[in-house]
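Taking it in order: structure first as structure tokens, then the write-up.
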Amino acid sequence: MPYRTAATVIGVEDATANDSVARRLREIGFVAGERVEVVAAGPVGAEPLLVQVGYTRFALRRREAARVGVCVADPVRTAHTALGRETVES
């Protein structure tokens, strides 16, 4: 997902049953309908990502951010992505 692009959280993907990372992401605000934005990335390997949910900012590893599904609204297209991977639907 490009930096400073507003998106809406679709949900958080559980990697395993009772996934503690996915549960924690939901607890801190990554829930369906919330506005999210990637603000910046770290200098080494673009890690961590600085992600803003509402008015709160979090540093997430890319593998953690990849669990958050988002929808980026665009007048020309709609993209569903995982805060780092993008697929486009016309």
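No value in this document is a laboratory result; all are computed from the given coordinates. The structure presented is a predicted model; accordingly, all values stated were derived computationally and were not measured. Cβ placement follows ideal geometry from the backbone for every residue including glycine, while neighbour counts extend to all protein chains displayed.
Estimated at 0.36 nm per residue, the fully extended path between R23 and T8 surpasses their Cα-Cα distance by 3.6 nm. Label zone (A15, point 7 Å along Cα-to-C-beta; backbone nitrogen cut-off 15 Å) within the range 28-70: 60-69. Taking other residues whose beta carbon is less than 13 angstrom from the beta carbon of E47, and scoring Lys, Arg as +1 and Asp, Glu as -1, yields +2. Each residue, A32 and C71, gets one label point 7 Å from its Cα in the Cβ direction; the gap between the two is 1.0 nm.
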